[in-house]
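Values in this text are rule-based calculations from the coordinates and carry no lab data. None of these values were measured; they are calculated from a predicted model. Cβ placement follows ideal geometry from the backbone for every residue including glycine, while neighbour counts extend to all protein chains displayed.
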Amino acid sequence: MGCGSGGSYLYRLLRRRNPDSDITLFDPPTANACGIKCCAWGVSRPLFSKLCAEAGVNSEQFVISRYDHVVINGQRLKADLAIINKPALVKNFLGDAQPLDPGTADVSVFDRIIDATGSERAFMPPTDAQPVVSAVQVRLKARAPDAPTAVFNPGGGYSWLFPIGADEVHLGSLSPGGFDKAREELKKMMSGSKSKVVCSCRGKIRCHGPILPLNAGSVWGIGESIGLVDPVTGAGIIPAMTSAKMLVDHWDSPGEYQADVLQRFSYMIKEANILNRLMAGNPLSSGDLFFPKQALETIGISPSLAEFVGLVVKGARDYLAHRRA
Ligand SMILES: Cc1cc2nc3c(=O)[nH]c(=O)nc-3n(C[C@H](O)[C@H](O)[C@H](O)COP(=O)(O)OP(=O)(O)OC[C@H]3O[C@@H](n4cnc5c(N)ncnc54)[C@H](O)[C@@H]3O)c2cc1C
């Protein structure tokens, strides 16, 4: 259920392992012009390449551009980041398979249901795990910047400008304060621009880290449905694909699947707790300044410790000052 980053990749892995397996795919039609759910298409190039290789796919065919640095709040940080053609990737993973509209699904007939429905979490039990942030995005005809660029929003979250080839960009903003706040920040970024809008989309992002348990009866969750999006960067493509691979590796063992997911992604829960405390108006303590190396790895950014701490402290101070104002 759900053929985004994680579901389509899982399908490809399962087909590769057992071409005769009986799999039915469900995904509702989307109104987004690009054909997939909202996303800005930025990934860690090395992790993406490794995951594609596990499915027998050459990742390079999906790489639109790669960058050895990004610019965050005006600061240049070392990176190995790729902008991928995500709609083409999902299409490739699915091959000839045609997902059905879930409106017609009688799920009780299946031995196993995979919840890969992202922030919808349509089949796993409801959860109130936070944060769930709101993101809005437009695709513009515009000259691309030299590198992916992001700025912290004063009211929390951040805005980005990601090149998609030479003459198009994804311009977006995410906010813990809802779609209106995210839209306000996006408008600020766009003010004065005469660029043509090609496409626009919006989506919630559930970024809490692993939400346990990862299965409930015959339903097993992967990706964003079980919280696997980095709370600081909002990156969920690599975590969704990674959890799909873990599920295939531990297909009949919920305990091993959970242990593997926790070992790889429990740092996200720590990050989420810090963000939740910050959003409640609490200042950061020195204990909060751990270095979430894996977090930045998933989006391909590798700043030095000093650069990272500098960014976090500035972001937290600006946010708290804005909150008090
Ligand atoms: C604006 C925006 C920009 C982002 N940019 C990036 C980025 O640059 N890099 C990055 O790593 N992450 C990014 N993310 C996050 C990333 O897109 C997701 O976290 C990631 O794709 C999660 O993968 P997934 O497979 O769990 O879910 P998704 O890729 O979201 O796929 C979920 C699928 O489930 C389907 N679905 C929904 N409801 C049902 C249902 N009831 N039955 C069946 N199917 C259903 C949806 O149509 C969708 O195809 C962004 C998110 C947003 C909103």
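Some observations on this one:
- Spatially, the range 256-325 and the range 44-67 are offset by 26 Å when compared through their Cα centroids.
- Positive-end residue, the chain charge dipole about Cα centroid, Cβ charges, pick of V107, T127, S159: S159
- Burial order of peptide ranges 189-197, 108-116, 122-130, 236-244 (average beta-carbon count within 10 Å, highest first): 236-244, 108-116, 122-130, 189-197
- Prolate/oblate/rounded label for the range 252-318 (Cα gyration tensor, a/c 1.5): oblate
- Rounded to the nearest 20, the size of the Cβ-charge dipole of the range 131-193 about its Cα centre is 120 debye, with Lys and Arg at +1 and Asp and Glu at -1.
- Partners for K188 among lysines (Cα-Cα distance below 17 Å; same-chain residues under 8 apart left out): K196
- Protection proxy ranking of 201-211, 245-255, 2-12, by the mean of other Cβ atoms within 10 Å over each peptide's residues and highest first, is 2-12, 201-211, 245-255.
- Per-residue Karplus couplings for the range 216-232, computed as 6.51 cos²θ - 1.76 cosθ + 1.60 with θ equal to phi - 60°, are listed in order as 9, x, 8, 9, 10, x, 9, x, 5, 4, 10, x, 7, 10, 5, x, 7 Hz, Gly and Pro entered as x.
- Separation of the range 139-170 from the range 183-230 is 16 Å, based on Cα centroids.
- Cα gyration tensor category, rounded, prolate or oblate, for the range 207-315 with a/c compared to 1.5: prolate
- Under 5 Å between amide hydrogens, built in the peptide plane, is the criterion, and for R121 it picks out nothing among residues at least 5 positions away or on other chains.
- Between amide H atoms placed 1.01 Å from N, distances below 5 Å from V229 occur with H208, G209, all of them 5 or more places distant or on a separate chain.
- Magnitude of the charge dipole, the chain, Cβ model with Lys/Arg +1 and Asp/Glu -1, debye to 20: 1240 debye
- Alpha-carbon gyration tensor eigenvalues x 5, square-rooted, for the range 119-176, Å: 29, 15, 8
- Using a Förster distance of 45 Å, the FRET efficiency for A280-Q61 (Cβ separation, nearest 0.05): 0.50
- Along each principal axis, taking the top coordinate minus the bottom one, the Cα set of the range 152-220 gives 52, 29, 16 Å in descending order.
- Sorted from longest to shortest, the spans of the Cα atoms of the chain along the three principal axes equal 57, 43, 34 Å.
- Between V198 and R139, L140, K141, the built amide H atoms are under 5 Å apart, and every one of these is 5 or more places off in sequence or on another chain.
- Taking only the Cα atoms of the range 1-154, the radius of gyration and Dmax are 17.7, 54 Å.
- Euclidean distance between Cα centres, the range 97-113 to the range 14-40, Å: 12 Å
- For the chain, the list of Cys residues with no other Cys C-beta under 4.7 Å reads C3, C34, C39, C52, C199, C207.
- Span-like helix check, the chain: qualifying full DSSP H segments, with Cα axial length of 27 Å or more and mean Kyte-Doolittle of -1.0 or more, are 305-324.
- Bridge type composition, the chain - antiparallel percent by DSSP, nearest 5: 90 percent
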